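Trainee: Got a structure for you, written out below as structure tokens; questions coming shortly.
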Amino acid sequence: MNSSVAKNQLASLRNNRILRRAIIPGKYHIAAKLMARSLNIPVGEIYDQAVEHFLAAPPAKEDFILVGRKNNPPKVSFWLSSHLSERAKALAESLELTEHEVLITAINDYARKHNFDRIKTGKGTGSSKKV
């Protein structure tokens, strides 16, 4: 491992948690924050739960959300338990996917199960403007 990779890895590790980025719909991230606030826990624990439940019974490879390699939408940063990140990475390697694809599939699955689409976030309640 070269020194710049080691520095980046150390900089993103804190309290056995690693900084991860994924394409998460903004309203899901806001809903996760609201859920965390209502449970009085850090939002990272919501993402931990999402990934942990997903890794317990992952779907078939064709059910994963695949991500193109160019022109990705903006990503949301979140803290994830480092051991869950390693497990997600191992699953991704075994299925020939990326860790990112495992994480966004897990988070989207969790969001559906917990009805994140129905949570009022206070944003986007009016009509949206087309660009």
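Trainee: Being under 22 Å from Asn16 (Cα atoms), crowded, with 17+ Cβ neighbours inside 10 Å and without any contact (Cβ under 8 Å) to a residue 40 or more places away in the chain: is that true of Leu97 here? Lay out the reasoning, then the answer.
Mentor: Numbers: under 22 Å from Asn16 (Cα atoms): no; crowded, with 17+ Cβ neighbours inside 10 Å: yes; without any contact (Cβ under 8 Å) to a residue 40 or more places away in the chain: yes.
Answer is no for this residue.
Trainee: Within segment 25-45, can you find the residues that are of a type in the set (Val, Ile, Thr) and in a helix (DSSP H, G or I)?
Mentor: Our first condition is that a residue be of a type in the set (Val, Ile, Thr); within segment 25-45, this holds for 30, 41, 43.
If the condition is that a residue be of a type in the set (Val, Ile, Thr) and in a helix (DSSP H, G or I), then Ile30, Val43 are the ones that fit.
Trainee: Another one. Tell me which of these Ala32 doesn't satisfy, since it passes every other one: (1) of a type in the set (Gly, Ala, Ser); (2) exposed (fewer than 15 other Cβ atoms within 10 Å of the Cβ); (3) under 15 Å from Asp117 (Cβ atoms).
Mentor: The one condition Ala32 does not meet is (2).
Trainee: Still on this structure, I have one more. Which of the residues that make up segment 46-67 are more than 25 Å from Ile30 (Cβ to Cβ) and either small (Gly, Ala, Ser) or in a strand (DSSP E or B) (or both)?
Mentor: Selection gives Ala56, Ala57, Ala60.
Trainee: Out of the residues in segment 45-86 that are within 10 Å of Ala106 (Cα to Cα) and β-branched (Val, Ile, Thr), state the one that is modelled with the lowest pLDDT.
Mentor: For segment 45-86, the residue satisfying everything is Ile65.
Trainee: Can you find a residue that is of a type in the set (Phe, Trp, Tyr) and within 11 Å of the chain's Cα centre (by Cα) anywhere in segment 26-45?
Mentor: Initially, segment 26-45 is screened for residues of a type in the set (Phe, Trp, Tyr), giving 28.
Those left that are additionally within 11 Å of the chain's Cα centre (by Cα): 28.
Yes, segment 26-45 has at least one match.
Trainee: Condition check: surrounded by 17 or more Cβ atoms within 10 Å (Cβ to Cβ) and in contact with a strand residue (DSSP E or B) (Cβ under 7 Å, 6 or more places away or on another chain). Does Ile24 satisfy that? Can you show your working first?
Mentor: On the way: surrounded by 17 or more Cβ atoms within 10 Å (Cβ to Cβ): yes; in contact with a strand residue (DSSP E or B) (Cβ under 7 Å, 6 or more places away or on another chain): yes.
Yes: the conditions hold for Ile24.
Trainee: Looking for something in a loop (DSSP other than H, G, I, E, B), at pLDDT 90 or above and of a type in the set (S, T, N, Q) - is there at least one such residue anywhere in segment 2-24? Give the derivation first.
Mentor: To start, the set of residues in segment 2-24 that are in a loop (DSSP other than H, G, I, E, B) comprises 2, 12, 15-16, 23-24.
Adding the requirement that they be at pLDDT 90 or above leaves none.
No, because not a single residue in segment 2-24 is in a loop (DSSP other than H, G, I, E, B), at pLDDT 90 or above and of a type in the set (S, T, N, Q).
Residues are listed down the side, and each one gets a yes or a no for (1) over 10 Å from the mean Cα position of the chain (by Cα); (2) hydroxyl-bearing (Ser, Thr, Tyr); (3) closer than 22 Å to Leu34 by Cβ:
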{"position": "Val76", "(1), (2), (3)": "no, no, yes"}
{"position": "Arg87", "(1), (2), (3)": "yes, no, no"}
{"position": "Leu91", "(1), (2), (3)": "yes, no, no"}
{"position": "Thr98", "(1), (2), (3)": "yes, yes, no"}
{"position": "Ile104", "(1), (2), (3)": "no, no, yes"}
{"position": "Asp109", "(1), (2), (3)": "yes, no, yes"}
{"position": "Arg112", "(1), (2), (3)": "yes, no, yes"}
{"position": "Asn115", "(1), (2), (3)": "yes, no, yes"}
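Trainee: May I pose another question? What do you reckon, is Leu103 assigned to a helix (DSSP H, G or I), modelled with pLDDT of 90 or more and within 15 Å of Arg17 (Cβ to Cβ)? Before the answer, list the steps.
Mentor: Numbers: assigned to a helix (DSSP H, G or I): yes; modelled with pLDDT of 90 or more: yes; within 15 Å of Arg17 (Cβ to Cβ): yes.
So Leu103 fits the description; yes.
The values are calculated or read from the model by the stated rules, or taken from the named source; none is laboratory data. Quick caveat, the model's predicted, so the values are computed rather than measured. In this analysis, Cβ positions are derived from the backbone assuming ideal geometry, glycine residues included, and neighbour counts consider all displayed protein chains.
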